[in-house]
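Participant: First the structure, then my questions, so here it is.
The values are calculated or read from the model by the stated rules, or taken from the named source; none is laboratory data. Computed from a prediction, not measured in an experiment: that's the story for all the values here. Here Cβ is always computed from backbone atoms with ideal geometry, including for glycine, and neighbour counts include all displayed protein chains.
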Amino acid sequence: MKFDVEKTQNPDQMIINLGPSHPAMHGTIRIVVQTEGEIIKDCDVNVGYLHRGFEKSCEAATWHQAIPYVDRLNYSSPLICNFAYVQALEKLAHIKITPRCAYIRTILSELSRITDHLTCIGAGAMELGAMTAFLYAIQSRDFFYEHICKVTGARLTVSYARVGGLANDLPDGWIPRLKEIVKNHKELMDRFVGLMMDNRIFIDRTRGVGVISQEDALNYGFTGPVLRSTGVSLDCRKYNPYLLYDKVEFEVPVGKYGDTYDRFYVRLREMEESIKIIEQLIDKIPEGEINVYHPQIMLPPKEEVYKSIEAIIKHFKIIYEGPIIPAGETYSAVEGANGEFGFYLVSDGTGKPVKCRLRPPSFILMGGVHTMLKGSSIADVVPIFGSINMIGGECDR
């Protein structure tokens, strides 16, 4: 800690510890603030530890065994994490996924982005006392979670992606039900916006609060909604398209002031663009396979494993030794809900990674939180921190 309590001679100054037991600090975050009255003059932000060692855990496992670990990096949008990881492996293995797989991954990525943003804005509203708005956001999120569960088998820790494809195809009736959920989401968001965005209390608590300049945001390496709230139109889906993002029309919403209000606004607008992307793709999903056949990477169909000794051997070798990824190194990134989410992978041609390194947006965003907090009041700490949408899984080093 950079503050020395004994040297704080000014009677108007205090050093206050916020977190990690504070309910808004996610159980690990500790923010030590030096205040003068109610105003924060300086602060020291510590992300804490989850003690999981994600990167080294992946390096001790096979390429396939790391997929469940990836889920836990951002538990609010785990499908994006899944697809980012296998996309890096597919780049190493020179695998091109099937058209049907690309459609499903794109749609599910945008659904995952929506659930992440709903979590952020819903919790942010609740922390400001807007319980009704929180319930609208969480009700919509729960419909999406239940629908994601229909195809993946889980609400959060989905482990749905596979190298070269997906674990399951879409079940019958999934598309018609999604259309109903999207319609319901639009109605709930109309209520949310009506309650919050023109609300005098909400505006007073967020406008001009937690400001970060465009220059500072770029210097800290910010990406995602926090950077875009400063007016920078930077989005991986636009400047480095992947999946089907170069075949759909959508805007990249930006703010103007880089404050807490703009961070709410950008996320609300991004959900609208995500819905636009889904609606452009939902009726065009082609028939066909969801997986690419690759004997050294893809597990054989279960029905063959039960009937064929060759399939049993192949299944055993891929599970026990891991899928064979060609030797090489790569970096592959997607636009996560909080910014650029990328993997740097190194393979020596065996079934385990030599190096697995994550580029986590939340960890980088936390490096600039102190800039947003200085000059604000103690009461502003929670809404400012909430608008960052820090996810602890990404911050664990």
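Participant: Residues in region 249-274 that are assigned to a helix (DSSP H, G or I), over 19 Å from Pro383 (Cβ atoms) and among the aliphatic types (A, V, I, L, M): how many?
Facilitator: 1
Participant: Hey, which of the helices (runs of 4 or more DSSP H) in region 105-223, taking only ones fully inside, have at least 3 residues that are more than 21 Å from Asp262 (Cβ to Cβ)? Break it down stepwise before answering.
Facilitator: Numbers: elements: 131-152, 174-196, 200-206, 214-220.
The helices (runs of 4 or more DSSP H) meeting that bar are 131-152, 174-196.
Participant: Regarding region 99-107, can at least one residue be identified that is crowded, with 23+ Cβ neighbours inside 10 Å, over 23 Å from Arg397 (Cβ atoms) and of a type in the set (Lys, Arg)?
Facilitator: yes
Participant: State yes or no: is Ile325 aliphatic (A, V, I, L, M), under 27 Å from Val47 (Cα atoms), surrounded by 15 or more Cβ atoms within 10 Å (Cβ to Cβ) and touching a helix residue (DSSP H, G or I) at 6+ places or on another chain (Cβ under 7 Å)?
Facilitator: Criteria not met by Ile325.
Participant: Using beta carbons and a limit of 7 Å, which pairs, at least six apart or on different chains, have the first residue in region 86-100 and assigned by TED's automatic domain parsing to the domain that holds Glu59 and the second one assigned to a helix (DSSP H, G or I) and among the acidic types (Asp, Glu)?
Facilitator: Every condition considered, the pairs that remain are Ile97/Glu90.
Participant: Given the options Asn291, Asn240, name the one that is at pLDDT below 95, buried (at least 17 other Cβ atoms within 10 Å of the Cβ) and over 16 Å from Ile121 (Cα atoms). Give the derivation first.
Facilitator: Details: Asn240 fails: buried (at least 17 other Cβ atoms within 10 Å of the Cβ).
Selected residue: Asn291, the only one of Asn291, Asn240 that is at pLDDT below 95, buried (at least 17 other Cβ atoms within 10 Å of the Cβ) and over 16 Å from Ile121 (Cα atoms).
Listed here are the residues, each with its yes/no results for (1) over 22 Å from Tyr85 (Cβ atoms); (2) among the hydroxyl-bearing types (Ser, Thr, Tyr); (3) assigned to a loop (DSSP other than H, G, I, E, B); (4) under 21 Å from the mean Cα position of the chain (by Cα).
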residue	(1), (2), (3), (4)
Thr35	yes, yes, no, no
Ile40	yes, no, no, no
Cys43	yes, no, no, no
Leu50	no, no, yes, yes
His64	no, no, yes, yes
Leu73	no, no, yes, yes
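Participant: Let me ask something additional. So which of Val209, Val254 is assigned by TED's automatic domain parsing to the domain that holds Leu373, touching a residue at least 12 places away in the same chain (Cβ under 8 Å), in contact with a Lys or Arg (Cβ under 9 Å, 6 or more places away or on another chain) and buried (at least 19 other Cβ atoms within 10 Å of the Cβ)?
Facilitator: That would be Val254, the only listed residue that is assigned by TED's automatic domain parsing to the domain that holds Leu373, touching a residue at least 12 places away in the same chain (Cβ under 8 Å), in contact with a Lys or Arg (Cβ under 9 Å, 6 or more places away or on another chain) and buried (at least 19 other Cβ atoms within 10 Å of the Cβ).
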